[in-house]
Amino acid sequence: MSKAESGDLATKFRRLIAREGSISLAQYMGESNANYYNTRDPLGNSGDFITAPEISQIFGELIGLWLADIWTRAGKPDPVHYVELGPGRGTLAADALRAAGRFGLNPQVYFVEGSQNLRALQRAAVPGVTHHDDLTTLPENAPILFVANEFFDALPIRQLVQTDGGWRERMVALDGETFVFVPGNVPMDAALPEEMRELDVGTVVETCPAASAICGEIADRLKRQGGAGLIIDYGYGRLEAGESLQALKTHEKVGFFDHPGEADLTAHVDFEMLGDVARQSGAHLLGVRDQGPWLADMGFDARSEALARQSPDKAEILARQRDRLIASDQMGTLFKVMGLTAPDWPEGAGFS
């Protein structure tokens, strides 16, 4: 919805809660992010956050080379589809497709993107792209090479909280005019692994049914159509208790309830869950690695050094970009890379 259509999203939520009672965190987060992404370009120094493709062209280039390599070893199927979920400004795709094209990989390009504002930017970056609202309408006539970079972290989550009466879903309610979390009335103990059910009162565990559903659809398509792809995001190698929900505005963390529809709401991705869902849906899980070591193994430093030789005046900038993406105290450890393939496709580089 546009700003004009949404009016004041905070006012809308207050009226809804006053009329019908508390709402789920997933509804609050889903509607807030839908309004947020539909009304702005959130990326870059003038936006609210910056993603890896905007930091360095090498990031997208290495993804393109990874796709070209596995496609070549799979026998160069033709046609083949490049599918990106939440492609931002199209920067990653432009870099990846340029690099892949040097090895003969020139796929048909499809973006899964709901924001009309971002679609316009993406068409400028990748002419000829076809947009889809979701995965269900993508063509099924060829293998897919998919990428999802910082897509899953923005999907609406649920939070379960341990109370004196057992596990409950955290809901959003009002205290006067202020949004607050309250526990719901429905017991949720069965939604947690047995080993987590006896955690201390006040403990929060996050789940993301939307991520499970989307990963399952990706894996099912890989099983039926063939192909491979990468999920790259920040998150946990395995499910952990604790809150990771955050709001970002102008590159700073702000209160989660401070700016509904005007700040980017995200949470850590549970890669253990994504891997389990992918396997159960018929895909082959290559593995999950920290982003820094994976990029290093893919040749990041060699490419960075080559660019520095071409443009010596940019050597310092290139070094900072490298550290931002690879250093363990920046994005290198927090961000993970998951590889998936069709059951009969070859192994992908960087996961053995």
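Computed values, structure above
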item	result
Percent of beta bridges antiparallel (DSSP, segment 129-248, rounded to nearest 5)	70
DSSP-defined beta bridges in the chain - what % are antiparallel, rounded to 5	60
Relative contact order computed over segment 200-344 (Cα-Cα under 8 Å; 6+ residues apart), in percent	35
In sequence order, calculated HN-Hα J values of segment 279-296 (Karplus, 6.51, -1.76, 1.60; Hz; x Gly/Pro)	5, 5, 8, x, 8, 9, 8, 6, x, 10, 10, 4, 4, x, x, 5, 5, 4
Cα long-axis angle, helix 91-101 against the chain (0 to 90 degrees, to the nearest 10)	30
Sequence of E252, E169 once ranked by neighbouring C-beta atoms within 10 Å, starting from the fewest	E252, E169
Rounded tilt (10° steps) of 300-310 against the dominant C-alpha axis of the chain	60
Cα-based Kirkwood hydrodynamic radius, the chain, one decimal, Å	21.3
Estimated 222 nm signal from helices in the chain, with DSSP H stretches of n ≥ 4 weighted -39500 (n - 2.57), rounded to 500	-11000 deg cm²/dmol
Taking segment 5-143 and dividing mean pair separation by its residue count, relative contact order in percent (alpha carbons under 8 Å, at least six apart)	23
Mean separation of Cα contacts under 8 Å, 6 or more apart, over the residue count of the chain: relative contact order %	20
C-alpha long axis of helix 9-20 to longest principal axis of the chain, angle in °	40
Measure of compaction for segment 129-250 (Cα Rg per 2.2 N^0.38 Å)	1.33
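Read-outs throughout are calculated quantities, based only on the coordinates presented, and are distinct from any laboratory measurement. The model shown is predicted, which means the values in this text are computed figures rather than measured ones. Heads up, the Cβs are rebuilt from the backbone with ideal geometry, glycines too, and the neighbour counts pull from every protein chain shown.
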